[in-house]
Each structure stands twice: as structure tokens, then as C-alpha cells.
1. Would you please name the residue that is modelled with the highest pLDDT, looking only at residues in the range 68-89 that are outside any loop (DSSP other than H, G, I, E, B), surrounded by 19 or more Cβ atoms within 10 Å (Cβ to Cβ) and of a type outside the set (D, E, K, R)?
2. Could you list, ordered by first residue, the pairs with Cβ atoms under 6 Å in which the first is in the range 178-202 and among the hydroxyl-bearing types (S, T, Y) and the second is surrounded by 14 or more Cβ atoms within 10 Å (Cβ to Cβ) and not in a strand (DSSP E or B), at least 6 apart or interchain?
3. Name the one entry in V175, V190 that is of a type in the set (A, V, I, L, M), in the same structural domain as Q89 (by TED's automatic domain parsing) and closer than 13 Å to Q89 by Cα.
4. So, in the range 229-245, exactly how many residues are touching an Asp or Glu at 6+ places or on another chain (Cβ under 9 Å) and part of a loop (DSSP other than H, G, I, E, B)?
5. Which condition from (1) surrounded by fewer than 21 Cβ atoms within 10 Å (Cβ to Cβ); (2) without any contact (Cβ under 8 Å) to a residue 40 or more places away in the chain; (3) among the aliphatic types (A, V, I, L, M) is the one that A138 breaks?
6. Any chance you could count how many residues in the range 123-167 are more than 21 Å from W217 (Cβ to Cβ), outside any loop (DSSP other than H, G, I, E, B), hydroxyl-bearing (S, T, Y) and at pLDDT 90 or above?
7. Which residue out of R88, R109 is basic (K, R), assigned by TED's automatic domain parsing to the domain that holds T187, over 16 Å from T187 (Cα atoms) and touching a residue at least 60 places away in the same chain (Cβ under 8 Å)?
Amino acid sequence: MSTRAYYVPWGRSLDLSNGLTTAEYEQIIAWQYRIRGSDRPVFLCETSGASMFVRQHSSGRYHLVHFGSEDHDCKHVISPPKSDEHKRQQEYIFESATAAGLWAEPEYRTSGGTIVDVAVSGTGNVAVECQLSSQTTAKAVERTYATATSENFPSAPLWIDSAPVQTAPRYMRFVPSARGTVSEWQTMPVRGSARAVIGEMTPDGRTLKRIPKTVIWDDLIVARAESRVVAVEHPGGTVSLAIRGTWCDGVIAGDFPGFRPWNPRPSVQPRKESAQVWSRPCVHPPDKYERPPIRPSGMPDLPTCPRCGSRLFWSRDGLCGRCKEARDD
């Protein structure tokens, strides 16, 4: 299933799986029952230029569907906007990075076709991804590879998963990730209070033993940007984030068989998991419609909070999250 489409009224390309605001999402699904095959196209497939219409699935989710596609499964999934909890995580990371003097940009679009939750740059680049819902291994691996190898933002990935489940999701074994210990983000936590679990590697003969290590998000983001937290691949292909130590030289020298520095891979062995959204080329053949030229949408500068002057990533009544909560209290 593809998640990309060209929206004619706005004259620009959309990734329907990521980055839609509430207003944009509501405007798109409002086209349900309003588009006919003989009408001027409203949504066009970016691959084939085919006209599409909005349909609601029995599950409640919305898709863009090609006219005349009854004989095959070809849908463009429209994902709802990110939750308030997800936005709070993004804002927390953004504030932590800027407070440490690092450059940070939320919703950063890479040339690999991905939109990073928060892009951070210090000594090196870090692509921070927040995860609160289920995620397939295939999607996480493909997304990580596309971001890490992008031309405009080659970066070290950092997934922080805070999904409220007892067992760590499978995808975390194949991408550099940390397990968040706080799953409730109904309010913005105090800076320095959000924690995550990574690893601390210790030599054990000819192998390495991973010991869980709890760190503060703020420190983890800075340490990842400065390569003080690195990703190491274990025998069998699993991945761990670990605090850099003398064992790193041993991994590079081959002193620990099967262990090596992690490098992004384009895919992983497929396995049946819950369906997820990921942008793939549409398989529908071209038809009579010609795709209009895609006009790139620029990234506007973030406004500032009138109270504290910080960059306003997520506006709540015109104030940043902390100022609004302080006002409400």
C-alpha cells in the first residue's frame, strides 16, 4: 500500500502516513462521497497519475482508492494526525536538544522520503523517532535505512519506544533503540525526568554481556549526537544501543566474534506482523491523467512563545506547552 498522493487543490505532494495536521486530515476525509470519476481530479497517484477518491474502510480508517481498482487491492492509507502524547514527546526532545546547545528541527523531511520526528545535530546528526503505538520490524528497518542514508541528513538513528506493553516490541531488536520507562504522557514531564533503558556492554571472555542501563532522555540525545552512545550488532543480527567504552576497540579489532559496529540495512527477513503504514510505489498502471508538476512545500520557521520566547513547536492557544500548563494552574 502506498501512502503518497498529490492533492490538486493545494498543488503539492502529501505523505498521508506522516505529518498531517488535524485540519488537513479533516479536510481530506471530508471529500468522501464528493468525488466522481467524471469530475476534475482532486487526488492523484504520484506514480501513475491516476485519479482517486476517499473511501472509509470497515475498520474506520480512510483510504484513497483508484477509480476502476475493484479488481485489485491498491489503496493509499490516510493516517490520523499524531496524538497529543506523541507531540509532547517530540517537544520534550526538541527542548532537551536546544537546551544543550544543539540544533534541532521537528518534522524534518529527508531526501530519503521520511519525516523525522526530531532531527538533532551536534558533533554528528541524530534522527530521533518517538514510538507510542505498534510498529512492524520491516517498517522500522526500512524507515531507519532511508533516513540514515539520506543525502540531506545522513544520521545515527535513535528510536525511543514508550508503548504501554510489557514486552519490548520485536522491531527494537533490529534498530538502534531505547525503551522508555514513562508511558503516560498526558502532561509534559519536568525536564530531566523522562528516562529510558539502553545497555552497558562488559567483556565476558570472547563475548560481550549486555547489562541494562537507565539514562535520562536529555543525556541520551546529547550522548548519541556526540557518539558517546553507539549501536553494536550482535551475533544473529540483533542490535543494541550501548554506552561507548574500551570494548568498542575490541569489536572493531574482531576480538569478540560475531559482534561488529552496526550499519543500516535496507530490509529484514519478512515476518507476519500487524499491518502498518509505509510509503511504497503504487502498483496501479498509468492511465489517461497526467500528473501536475509537484511544487515542493517549504519548511516555515517556527514562531516563538510570547511568554518565554522559546521556539513554538506545538502551539496550545498560542503558548508553548509549559507556559500553557503554568497558566492553567
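1. Q89
2. If the second residue must be surrounded by 14 or more Cβ atoms within 10 Å (Cβ to Cβ) and not in a strand (DSSP E or B), the pairs left are S183/S162.
3. V190
4. Result for the range 229-245: 1.
5. Result: A138 fails condition (2) only.
6. 1
7. Only one candidate passes the filter, namely R109.
The values are calculated or read from the model by the stated rules, or taken from the named source; none is laboratory data. Remember, predicted model here, so these are calculated numbers, not experimental data. Here the Cβ is made from the backbone with ideal geometry for all residues, glycine too, and neighbour counts use every protein chain on show.
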